[in-house]
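The values are calculated or read from the model by the stated rules, or taken from the named source; none is laboratory data. What you are looking at is a predicted structure, and each value in this text was computed from that prediction instead of being measured. Every residue, glycine among them, receives a Cβ derived from its backbone with ideal geometry; neighbour counts consider all protein chains shown. These area figures cover heavy atoms from the full protein model, side chains too; ligands, DNA and RNA do not enter into them. Shrake-Rupley method; radii C 1.70, N 1.55, O 1.52, S 1.80 Å.
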Amino acid sequence: MLGEAIGSMLPAALAVALSPFPIIGVVLILSSRNGPRNGPLFAIGWTAGLAIVAGITLLLFGGADDSESNTATVVDLLRIAAGGALIVLGFRKGIGGLRSDAAPKTPGWMASLNDASGPRSFGLGLLLAGANPKSVVLAAASVTSIIETGAHGATLVLAIGAFVLIGSCSVVGAVLAKQFGGERATAFLDGIRGFMLANNAVIMAVVFVILGAKILGDGISGLGS
């Protein structure tokens, strides 16, 4: 049962982990003068945000494992809406990225991270995970997939814990690499940041279209069952 629950949420959890903005954000924070303190605070905020979204999803849709319930129907309708929205957003990002010949610019909120305080670093991690619509949709999709496997009790808690760990692995991994990897890790993280910033549109377009199609298909399949 635990293996089935983890397998069901793995694609969306990996999409959360590979989202460019938190990776770029944590690398910029780690490169700032207060990076050794603020980087871990950002990672804690990101992890806490995912856990909060997971908990709220569980409270709202805990009955989704009963295919005959109204909750299951609502979940399937929300999946269809969210999946369709992700597909449209993915195509828009992809087309926008192909049309743009300008060099990628660092958004203002990212540029200000060099002077971020500890509480702001924590709050930014929390908001990127818990208030960013794209992260919330992917996180909610992961948790509802776990619920629908029929996992209960310790199995449910372990599966949701696994989601939070997987969804946080890139951010936490960046912090650990910076703490213990020395200059080589710094150069590697800077390269990752540059790649993510330059290819953000393409990365997110692919992720959104693939995950959107899966979520949309799950919703249609659920309504038809």
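Would you check if F91 is closer than 21 Å to M204 by Cα, out of contact with any Cys (no Cβ under 9 Å at 6 or more places or on another chain), in a helix (DSSP H, G or I) and not small (G, A, S)? It is true that F91 is closer than 21 Å to M204 by Cα, out of contact with any Cys (no Cβ under 9 Å at 6 or more places or on another chain), in a helix (DSSP H, G or I) and not small (G, A, S). Pick from I24, I87, I80: which is aliphatic (A, V, I, L, M) and closer than 23 Å to L127 by Cβ? Answer to the check: I24. T47 meets the conditions (1) loosely packed, with under 15 Cβ neighbours inside 10 Å; (2) at pLDDT 85 or above in every case but one. The failed one is (1). The C-beta contact set for the range 136-148 (first residue surrounded by fewer than 24 Cβ atoms within 10 Å (Cβ to Cβ), second residue of a type outside the set (A, V, I, L, M) and not in a helix (DSSP H, G or I), distance under 8 angstrom, 6+ apart or interchain) comprises E148/D65. Output the number of the condition that L176 fails; it satisfies all remaining conditions of (1) out of contact with any Lys or Arg (no Cβ under 9 Å at 6 or more places or on another chain); (2) in contact (Cβ under 8 Å) with a residue 12 or more places away in the chain; (3) more than 21 Å from V53 (Cα to Cα); (4) not small (G, A, S). With respect to (1) out of contact with any Lys or Arg (no Cβ under 9 Å at 6 or more places or on another chain); (2) in contact (Cβ under 8 Å) with a residue 12 or more places away in the chain; (3) more than 21 Å from V53 (Cα to Cα); (4) not small (G, A, S), L176 is out only on (2). For the range 183-196, how many residues are over 14 Å from L18 (Cβ atoms), in contact (Cβ under 8 Å) with a residue 24 or more places away in the chain and open to solvent by less than 60 Å² (accessible area, probe 1.4 Å)? Qualifying residue count, the range 183-196: 2.
Of the residues F21, F42, which is among the aromatic types (F, W, Y), assigned to a helix (DSSP H, G or I) and either over 30 Å from A205 (Cβ atoms) or open to solvent by less than 10 Å² (accessible area, probe 1.4 Å) (or both)? Break it down stepwise before answering.
Values: F21 fails: either over 30 Å from A205 (Cβ atoms) or open to solvent by less than 10 Å² (accessible area, probe 1.4 Å) (or both).
Matching residue, one of F21, F42: F42.
Looking only at the range 70-80, which residues are open to solvent by 60 Å² or more (accessible area, probe 1.4 Å) and not β-branched (V, I, T)? Scanning the range 70-80 gives N70, L77, L78.
Exactly one residue out of A12, A5, A64 is outside any helix (DSSP H, G or I) and either crowded, with 22+ Cβ neighbours inside 10 Å or of a type in the set (K, R) (or both), and it is A64.
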